[in-house]
Amino acid sequence: MKTSIKLSALFFLLSAGVFATNAAQAKDNTDLTPKAKQTVSYDLLDHDRGLKLTLAKSESGRTYVRFYNKDNQLIMKDVVNTKTDVSKGYVFSELDLGEYKLEITTDGKVTNETVRIYQDGDNKLFYIAQK
């Protein structure tokens, strides 16, 4: 009887030690640095006609959106007031098929994306190419 009580007590102590070690390791691996807020997010406009950009509030209060064609010629430039979070749409139905560069500049940071416009049956569609 004494042996079983001693073994039970030993097992209990070992189990408690294992759980305490796992909890300490989980706490040590926690990343306490704040995550940077995403400055730009992408969505579709209604009826897939174009791109909706959601731009986060910027320190300067301005965000520049530029579209370039495949020959790197500026085809559209827009200055967006970003004193607060804002969404803005860009319709692609008048653009030719092909590849375009989307450049977004906010607070000195430049984000470049490649937008490809293609024909699918009677519809003109687009996607943002993965890097």
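Just a few scattered comments:
- Proximal aspartates and glutamates relative to residue 88, as straight alpha-carbon distance under 14 Å, when same-chain residues fewer than 8 apart are discounted: 43, 46, 78
- Globularity index of region 77-131, i.e. its alpha-carbon radius of gyration over 2.2 N^0.38 Å: 1.33
- Counting 0.36 nm for each residue step from residue 101 to residue 87 and taking away their Cα separation leaves a gain of 3.1 nm.
- Projection of the Cα convex hull of region 32-131, averaged over all directions and equal to a quarter of that hull's surface, yields 7.6 nm².
- For region 58-131, the set of GluC sites (Glu not before Pro) satisfying both a DSSP loop assignment and a count of at most 14 other C-beta atoms within 10 Å is given as 59, 94.
- Counted by Cβ distance under 9 Å from residue 117, the other residues give a net charge of 0, where Lys and Arg count +1 and Asp and Glu count -1.
- Restricting region 40-96 to trypsin sites (Lys or Arg not before Pro) that sit in a DSSP loop and have at most 13 other Cβ atoms within 10 Å of their own Cβ leaves 70, 83.
- In order through region 87-102: 3J(HN,Hα) via Karplus (6.51 cos²θ - 1.76 cosθ + 1.60), integer Hz, x for Gly, Pro: 10, 9, x, 10, 8, 9, 5, 8, 7, 6, 5, x, 10, 10, 10, 9
Only the coordinates and a few stated rules stand behind these numbers; no lab work does. Here the structure is a predicted model, which is why all the values come from computation and not from measurement. FYI the Cβ positions are ideal-geometry reconstructions off the backbone, even for glycines, and counts take in every protein chain you see.
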